[in-house]
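In what follows, a single structure is set out as structure tokens and then discussed.
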Amino acid sequence: MTNPCPRRQYEWEAEVVRYINYISDKTRTWSTKALARPCLDSKVPILSPCFLPPSYLHARKQNQSEPAINPEILYLKALCAIHLFYYPEVVKCPQCNGTDNVQWDGWTGTGPRNVHGLMVDEAVICMQLRCENCKNDATRKEHEHEHSDLDNGCSIKTDLKGYCFATTNPDFWGSWPHRSIPGGLLSSV
């Protein structure tokens, strides 16, 4: 392992992913015939896509057997999640700019990506997008192609290949105009 991570960091990330999966499943529309989108129970808090690790106070109040000073807590990184629940506008193929046949295909298998900031380091976890149009179109896999961006009227060339994209990959965001990137993601990507 090139970048060992404390066990506590993995536990923290797993808790965040479990929370996001829960709220996403509870608010997902399972049928195209559904008239109303399901809502969360009012007792379930909707937390931000940028999760801060628990402080000493949180750890102490949640687990009385925790020692008064535990240095592991200081080394936990904040975790930003790029997920459809928080950023529905991200469901756009970076290659063909399509939105119709784009599916979210689970979390990335490599885990969070480390982002080094000026004040603090954080981790970013994302889901993968799969574009059925690009999967079925063999010509997109062979050469560079061009598509127009409706937001600013310019033409953008991409040399992306394939049909599965991680939203923490800089190539995914390369075709997005700067002002179109959802707020809060500029520091995380």
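The values are calculated or read from the model by the stated rules, or taken from the named source; none is laboratory data. These numbers were taken from a predicted model, which means no experiment stands behind them. Here Cβ is always computed from backbone atoms with ideal geometry, including for glycine, and neighbour counts include all displayed protein chains.
Can you spot a residue in segment 108-131 that is at pLDDT below 75 and either acidic (D, E) or surrounded by 14 or more Cβ atoms within 10 Å (Cβ to Cβ) (or both)?
No, the conditions are met nowhere in segment 108-131.
Quick grid of which residues meet (1) within 20 Å of L84 (Cβ to Cβ); (2) modelled with pLDDT under 75; (3) not in a loop (DSSP other than H, G, I, E, B):
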{"position": "L150", "(1), (2), (3)": "no, yes, no"}
{"position": "G153", "(1), (2), (3)": "no, yes, no"}
{"position": "K157", "(1), (2), (3)": "no, yes, yes"}
{"position": "F165", "(1), (2), (3)": "yes, no, yes"}
{"position": "F172", "(1), (2), (3)": "yes, no, yes"}
